[in-house]
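The values are calculated or read from the model by the stated rules, or taken from the named source; none is laboratory data. Every value quoted in this text rests on a predicted model; they were computed, and no experiment measured them. Glycine gets a Cβ as well: all are built from the backbone with ideal geometry, and neighbour counts include every protein chain shown. These area figures cover heavy atoms from the full protein model, side chains too; ligands, DNA and RNA do not enter into them. Shrake-Rupley method; radii C 1.70, N 1.55, O 1.52, S 1.80 Å.
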Amino acid sequence: MLTREENMLLTRTGPGTAMGAVVRHYWIPALLSEELPEQDCAPLRVRLLGEDLVAFRDSTGAVGLLDRYCAHRGASLFFGRNEESGLRCVYHGWKFDTTGACVDMPNEPAESSFKDRIRLKSYPCQERGGIIWAYMGSAQPVPSLPDFEWAVVPEAQRCVSKRLQECNYLQALEGGVDLSHIAFLHRNLDPGRDARDQTLTRGDTRPTFEVVDTDYGLLIAARRNADADRFYWRISQWIMPWYTMFPPLVDTGIGGHAFVPIDDESCWVYNMTWDPSGPLGAVGDGIYGELLPGTYRSRANRDNDFLLDRAAQRTVSYTGIPGFAAQDGAVQESMGLIADRGRERLGSTDVPVVALRRRLLHAVQMLRANEELPGLEPASQRVRPAALLLPRAIPFQDGAGALLRAQTDNYAMRV
Ligand code: FES
Ligand SMILES: [Fe+2]
């Protein structure tokens with residue numbers, strides 16, 4: 001349970017907010033690279049951390065992320081002409097480059113130097129791992145680009161997508177660290193279709209959690225009874241400020257998410273699947289779900305009750321909702337646009353959620369004390385989740401060992 005003040009603190013990320021200041025110290029996934037597919041393509045409206053922006057790819061292929069509203073009299077640059085390495089406002093022709101500099105002002109006298117004094121807010125962008133990353137902070141030096149394994153493996157070993165979720169980022173992120181819901185929300189009622197890991201997961205619905213503070217965030221282990229001699233461990237990471245990694249459950253490849261605030265009442269759920277050992281096989285429906293054509297909104301969404309099918313709920317799946325993504329979206333959006341955490345009754349399997357909030361609140365204090373925030377060092381991001389059976393006497397960190405590090409070529413070793 002959180003106080004009203006703590007809930008406000010954790011869930012607000014707009015300009016001038018405490019958590020907004022924390023997350024602006026990190027590179028932020030702003031778009032998928034595929035959304036700006038070529039030089040001089042159509043500009044896009046972007047809303048990120050409550051800020052209205054416009055993104056465009058210029059004639060050299062560089063990406064600009066600018067204040068959406070023209071510095072002259074505020075027309076939206078979404079309507080702009082993307083031409084000759086700049087975005088030109090269609091109202092009076094002012095033109096801005098990717099740094100926000102005004103490079104042409106065709107409605108002013110040719111000898112005027114007015115344009116040299118005009119600059120639009122702009123955020124530096126870089127591309128890696130199929131993502132256009134933006135740095136929205138003011139810290140110097142700017143941190144290194146994220147070095148997550150999924151972002152740096154060859155393209156054939158990775159799948160990245162995103163979907164809209166119409167609620168605050170924190171309740172989506174909390175779902176990402178809440179490993180006990182898998183045995184319920186994502187349960188398949190047809191045992192013939194279960195993969196080994198899913199059978200083990202639903203075989204014990206009362207996992208015991210061990211949560212370890214790390215230099216990137218949290219290492220979260222869920223321990224389930226497997227047989228008389230062994231435990232089944234599912235080990236995940238939460239990396240500041242909103243990344244999770246989780247071991248395979250049904251599909252091939254390791255899974256990950258990023259829960260990025262659009263504003264306080266909606267977020268992008270980025271999905272990543274990767275195979276460190278070679279080309280990625282078919283990732284299936286799993287965490288992706290079907291999108292409405294031409295959008296990143298799920299076909300199963302709040303307007304159609306996430307395609308809830310009561311007959312399927314009795315026979316096929318625990319929810320009657322198709323696919324992990326829609327199942328997560330349904331329950332998390334159903335908690336309200338910003339969940340009221342003053343009404344919760346937390347139990348023993350909510351330990352990771354409590355730890356997540358504690359670390360995020362602590363990050364706010366760290367920033368106020370001018371301390372270095374966790375998870376900014378690329379070396380700290382080189383982690384990997386694991387699922388394995390271990391003799392009961394072996395502590396999970398000893399048993400998993402190098403499987404939890406991404407720097408060695410050890411994925412084939414997985415148990
Ligand atoms: S409002 Fe953009 S050029 Fe005038
Ligand atoms: Fe889930």
Scanning region 354-382 for residues that are in contact with a Ser or Thr (Cβ under 8 Å, 6 or more places away or on another chain) and not in a loop (DSSP other than H, G, I, E, B), which turns out surrounded by the most Cβ atoms within 10 Å (Cβ to Cβ)?
SER380
The number of residues in region 216-235 that are outside any strand (DSSP E or B) and surrounded by 15 or more Cβ atoms within 10 Å (Cβ to Cβ) is 2
Please tell me if ARG81 is open to solvent by 20 Å² or more (accessible area, probe 1.4 Å), within 12 Å of ligand 1 (Cβ to nearest atom) and either at pLDDT below 95 or in contact with a helix residue (DSSP H, G or I) (Cβ under 9 Å, 6 or more places away or on another chain) (or both).
no
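Residue check: is SER266 away from ligand 1 (no atom under 16 Å from the Cβ), of a type in the set (Ser, Thr, Tyr) and surrounded by 20 or more Cβ atoms within 10 Å (Cβ to Cβ)?
no
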Any chance ASP285 is open to solvent by 50 Å² or more (accessible area, probe 1.4 Å), at pLDDT 95 or above and acidic (Asp, Glu)
no
Among the candidates LEU65, LEU53, single out the residue that is of a type in the set (A, V, I, L, M, F, W, C), touching a Cys at 6+ places or on another chain (Cβ under 7 Å) and either open to solvent by less than 40 Å² (accessible area, probe 1.4 Å) or not in a strand (DSSP E or B) (or both).
LEU65
Could you give me the residue pairs with C-beta distances under 6 Å whose first residue belongs to region 317-334 and is without any contact (Cβ under 8 Å) to a residue 40 or more places away in the chain and part of a loop (DSSP other than H, G, I, E, B), whose second residue is hydroxyl-bearing (Ser, Thr, Tyr) and open to solvent by less than 20 Å² (accessible area, probe 1.4 Å) wherever it lies, and which are 6+ apart or on separate chains?
none
Taking region 388-398 as the search range and keeping residues that are in contact with a strand residue (DSSP E or B) (Cβ under 8 Å, 6 or more places away or on another chain) and farther than 10 Å from ALA221 by Cβ, which one is surrounded by the fewest Cβ atoms within 10 Å (Cβ to Cβ)?
PRO391
Among the listed residues CYS41, CYS89, which satisfies the condition of being at negative phi, modelled with pLDDT of 95 or more and buried (at least 21 other Cβ atoms within 10 Å of the Cβ)?
CYS89
Subset of region 132-175, residues in a helix (DSSP H, G or I) and open to solvent by 20 Å² or more (accessible area, probe 1.4 Å), comes to VAL152, GLU155, ALA156, GLN157
Mind checking which residues of region 96-128 are in contact with a helix residue (DSSP H, G or I) (Cβ under 9 Å, 6 or more places away or on another chain), of a type outside the set (A, V, I, L, M, F, W, C) and open to solvent by less than 60 Å² (accessible area, probe 1.4 Å)?
ASP104
Of (1) at pLDDT below 95; (2) within 16 Å of ligand 2 (Cβ to nearest atom), VAL353 fails just (1)
